[in-house]
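> The structure is given below, and queries will be raised subsequently.
The values are calculated or read from the model by the stated rules, or taken from the named source; none is laboratory data. None of the values given here were measured: they were computed from a predicted structure. All Cβ positions, even for glycine, are placed from backbone atoms using ideal geometry, and neighbour counts span all protein chains on display.
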Amino acid sequence: MYGSAMEKTLEYKGHVVFKKLTVPRFKRFSREFASNEACFAFFTQGEYQVRTATGVLTVNRDVGLLAKCVNYFYQTASGQVEQGRGEVIGVFLFPDIFQRLFSFDFSQSDYRVDYDLKQVELDQLLTHYRDSISILLDSPDLASPLMIETKLREFVLLMTQKVSAPSELDFLASMFKPNFAKFEEVIQHNLFSDLNIDELAALCHMSVSSFKRKFSDVYGQPPKKHITQLKIDKAISLLGESNSRVSDIVFQTGFESISTFNRAFKNHTGCSPSEYRQRHSH
């Protein structure tokens, strides 16, 4: 992240339940959740991609993000090096608060959903809700405990209807039942991204050392060596089969810069990408 982010928060029963985060400029930043926290994010400025364990979702002013307690990354839209100022409003869900607010026992619900993160198109009700939370964050003197309770209840009612959950209890209970992706699935979906080893480990919900051990057990090589080789193999294929510019191939194979790509390519093939293309052009 570049520069420093500014944030405004509102607390309830010892938890931050609403937050407005203004980010100056960034390429990617992570959102790592505790095991007992879910959230909804409204994006009031800018367009972002959310890189998950098994894919990439696009969110903006018209599309919010409903997230269970899993790790993921916000990043700039494809091809952008960095993005200007952005603003996000978050609603945070904690089981102890909502069990008390609704007198719910989450163990009474067997309802599950097959997503850990979900794009949600904002309708008129959710847009008005977002604006009301923004006002409370800007004017915290208006945010009495009763007002915050009312807004938390309102959010659950709106989302239960929006995602077609059978009941408020089922919606809330499902948000605290993550579906962790299989290790190989996470690797396969992110092979040609520009994520580093620390970030891949976070998506797998593992420490870096555990991730490296698991990776070597599964693939027979350390992660950096294995992934770099697959990226170079793909680059060789693209250089031979297409007229794509080298800068485009760098992006398609997930290298973080042209210089990193050129260095890795020469280490593996003994020549630069341009030289390789010239030698193998028909």
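> Just to be sure I understand, how many residues within the stretch 124-155 are surrounded by 13 or more Cβ atoms within 10 Å (Cβ to Cβ) and outside any helix (DSSP H, G or I)?
1
> With the condition kept exactly as written, say whether any residue in the stretch 74-86 is part of a loop (DSSP other than H, G, I, E, B), among the polar types (S, T, N, Q) and at pLDDT below 90.
Yes, that holds for at least one residue.
> Go through the stretch 156-168 and give me each residue that's crowded, with 16+ Cβ neighbours inside 10 Å and in contact with an Asp or Glu (Cβ under 7 Å, 6 or more places away or on another chain).
Val156, Thr160
> Right, another one. Quick check on my filter: what residues within the stretch 11-45 are modelled with pLDDT of 60 or more and hydroxyl-bearing (Ser, Thr, Tyr)?
Tyr12, Thr22, Ser30, Thr44
> Still on this structure: From the residues in the stretch 174-197 that are aliphatic (A, V, I, L, M) and in a helix (DSSP H, G or I), which one is surrounded by the fewest Cβ atoms within 10 Å (Cβ to Cβ)?
Ile197
> Could you tell me which residue of the stretch 112-123 is farthest from the chain's Cα centre (by Cα), considering only residues that are at pLDDT 90 or above and crowded, with 16+ Cβ neighbours inside 10 Å?
Kept after step one, since they are at pLDDT 90 or above, are these residues of the stretch 112-123: 118-123.
Checking the rest, the ones that are also crowded, with 16+ Cβ neighbours inside 10 Å come to 118, 120, 122.
Values: Lys118: 11, Val120: 14, Leu122: 19 Å.
The extreme case among them is Leu122.
> Oh, and also: Among (1) surrounded by 20 or more Cβ atoms within 10 Å (Cβ to Cβ); (2) of a type outside the set (Phe, Trp, Tyr); (3) in a loop (DSSP other than H, G, I, E, B), which single condition is Leu200 missing?
Going through (1) surrounded by 20 or more Cβ atoms within 10 Å (Cβ to Cβ); (2) of a type outside the set (Phe, Trp, Tyr); (3) in a loop (DSSP other than H, G, I, E, B) one by one, Leu200 breaks only (3).
> Got a number for residues in the stretch 38-61 being in contact with a Leu (Cβ under 6 Å, 6 or more places away or on another chain) and part of a loop (DSSP other than H, G, I, E, B)?
To start, the set of residues in the stretch 38-61 that are in contact with a Leu (Cβ under 6 Å, 6 or more places away or on another chain) comprises 38, 40-41, 50, 52-53, 59.
From the residues that got through so far, the ones that are part of a loop (DSSP other than H, G, I, E, B) too are 53.
Number satisfying all stated conditions: 1.
> Now for a different question. Determine which member of the set Phe265, Phe255, Phe261, Phe251 is touching a residue at least 40 places away in the same chain (Cβ under 8 Å), assigned to a helix (DSSP H, G or I) and over 30 Å from Val113 (Cβ atoms).
From the options Phe265, Phe255, Phe261, Phe251, the qualifying one is Phe251.
> Go through (1) surrounded by 15 or more Cβ atoms within 10 Å (Cβ to Cβ); (2) in contact with a Lys or Arg (Cβ under 8 Å, 6 or more places away or on another chain); (3) part of a helix (DSSP H, G or I) and name the single condition Phe171 misses.
Condition (2) is where Phe171 drops out.
> I would also like to ask the following. Residue check, Gln161 against (1) in contact (Cβ under 8 Å) with a residue 24 or more places away in the chain; (2) assigned to a helix (DSSP H, G or I); (3) over 15 Å from Phe94 (Cα atoms), all met but one. Which one?
If we test Gln161 against (1) in contact (Cβ under 8 Å) with a residue 24 or more places away in the chain; (2) assigned to a helix (DSSP H, G or I); (3) over 15 Å from Phe94 (Cα atoms), just (1) comes out false.
> Gln229: in contact with a helix residue (DSSP H, G or I) (Cβ under 8 Å, 6 or more places away or on another chain), without any contact (Cβ under 8 Å) to a residue 40 or more places away in the chain and surrounded by fewer than 16 Cβ atoms within 10 Å (Cβ to Cβ), yes or no?
Yes; evaluated as a whole, the condition is true for this residue.
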